[in-house]
Amino acid sequence: MNSRDADDRPPLLVLVGPTAIGKTALSLELARRYNAEIISGDSMQVYRRMNIGTAKLMPEEREGIPHHLIDICEPEHPFSVSEFQKLCTEAIRDIASRGKLPMIVGGTGLYIESVCYGFDFQEHGADEAFREEQRRYAAEHGNEALHEKLAAVDPVTAAKLHANDLGRVVRALEIRHVTGQPLSELQAGARGDEKRSPYRLCIIGLTMDRAALYRRVEQRIDAMLEAGLVAEVGSLLDSGVPRDAISMRGLGYKEIAAYLAGEMTYETAVDVLKRDTRHFAKRQLSWFRHMKALEWVDIDDAAKNNGLFAATCAIIAGKFPMDIEYISS
């Protein structure tokens, strides 16, 4: 590969954006164009039997394009960012070894950045006793109270995490405790210099008018409910998946589980789900704005010009100008 003369790092294409913005459809187009294989960058799609609420693309919908890190563990498993980093790195290596272009597609910012910039989670250390102490605090005082503790020492990270994302809230507090530095500062240092990445990165972020995005979010939730989200959550609970499992704290699952437990009406559960998903989309956009190597594509602007696909291809051509063997015939 001619471009390797100047930089022998393997190329890595990354497509990010908030939920419901249209990453999946675009990723299939790009995969066909660039002979790519897709790696899911979604923290929920790793779980088997959680299909509707995660907007998972079913095998028959993947158009023959290989997808990785989907349906790899049971809902009871506490899947972590470090586990994702390891498996994703292995998948990238495997895809590249077969002459294909690795492409991460998703909206879980921390997971994706951990791979793009090689975050060393072991380097930050661990304190199991401290971690357990934080979990006990949350159990006694509530997740919101623990989230407030994080906001006091690392407001940037706290703003990106929901209070119910207990695992990541605890880990952020643990990193602050062990290193004396906020997780946000450690990540800023890692992402601040693209040369620290083990890959030649092309990171594309999708954005659009906020009100239009929120309408898409609500339409997606309506579609999930029509497709059987309530039955999916009920089936998971009936099979023994505990409500406090990390997987069941995901959007769509915790709200419907509360409805099935009689803790709120169906209408309230749907309203809460739509509200929290809108907030989640806003946090996703906030997270991606801190990724310095990211190239934004506004869907509305692209539609007025040559289209979204053409806009993204132009960015890729600028980042990987000599990788012509990736172009599908």
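Can you tell me which of (1) modelled with pLDDT under 95; (2) of a type outside the set (A, V, I, L, M, F, W, C); (3) on the phi > 0 side of the Ramachandran plot is the one GLY228 doesn't meet?
For GLY228, the failing item is (1).
If ASN51 passes every condition in (1) buried (at least 16 other Cβ atoms within 10 Å of the Cβ); (2) touching a Leu at 6+ places or on another chain (Cβ under 7 Å) but one, which one does it miss?
(2)
What's the number of the condition GLN187 fails, among (1) under 30 Å from ALA311 (Cα atoms); (2) at pLDDT 90 or above; (3) within 21 Å of the chain's Cα centre (by Cα); (4) outside any loop (DSSP other than H, G, I, E, B)?
Failing condition for GLN187: (2).
Is it true that ARG289 is within 21 Å of VAL81 (Cβ to Cβ), at pLDDT below 95 and in contact with a His (Cβ under 8 Å, 6 or more places away or on another chain)?
no
All but one of (1) small (Gly, Ala, Ser); (2) out of contact with any Lys or Arg (no Cβ under 9 Å at 6 or more places or on another chain); (3) not assigned by TED's automatic domain parsing to the domain that holds GLU74 hold for ALA159, so report the exception by its number.
Exception for ALA159: condition (2).
Only one of TYR137, TYR111, TYR117 is of a type outside the set (D, E, K, R) and without any contact (Cβ under 8 Å) to a residue 24 or more places away in the chain. Can you tell me which?
From the options TYR137, TYR111, TYR117, the qualifying one is TYR137.
Is it true that LEU26 is part of a helix (DSSP H, G or I) and under 18 Å from PHE309 (Cα atoms)?
yes
Mind checking whether some residue in region 315-322 is at pLDDT below 85 and either more than 30 Å from LEU186 (Cβ to Cβ) or of a type in the set (Val, Ile, Thr) (or both)?
Yes - at least one qualifying residue is present in region 315-322.
Can you report the number of residues in region 36-70 which are assigned to a loop (DSSP other than H, G, I, E, B) and under 16 Å from the mean Cα position of the chain (by Cα)?
Within region 36-70, residues that are assigned to a loop (DSSP other than H, G, I, E, B) and under 16 Å from the mean Cα position of the chain (by Cα) number 15.
Grab the helices (runs of 4 or more DSSP H) fully contained in region 210-329, keeping just those with 2 or more residues being in the same structural domain as GLY107 (by TED's automatic domain parsing), acidic (Asp, Glu) and surrounded by fewer than 19 Cβ atoms within 10 Å (Cβ to Cβ).
Because the criterion is at least 2 residues that are in the same structural domain as GLY107 (by TED's automatic domain parsing), acidic (Asp, Glu) and surrounded by fewer than 19 Cβ atoms within 10 Å (Cβ to Cβ), the helices (runs of 4 or more DSSP H) in region 210-329 that meet it are 210-227, 266-288, 299-304.
Would you mind stating whether GLU113 is in a helix (DSSP H, G or I), surrounded by fewer than 21 Cβ atoms within 10 Å (Cβ to Cβ) and not hydrophobic (A, V, I, L, M, F, W, C)?
no
Identify all residues within region 72-83 that are modelled with pLDDT of 95 or more and either crowded, with 17+ Cβ neighbours inside 10 Å or not assigned by TED's automatic domain parsing to the domain that holds LYS254 (or both); write none if there are none.
Across region 72-83, the qualifying residue is only PRO75.
The values are calculated or read from the model by the stated rules, or taken from the named source; none is laboratory data. Note that this is a predicted model, so its numbers are computed, not measured. Note that we place each Cβ from the backbone using ideal geometry, even for glycine, and neighbour counts take in every protein chain shown.
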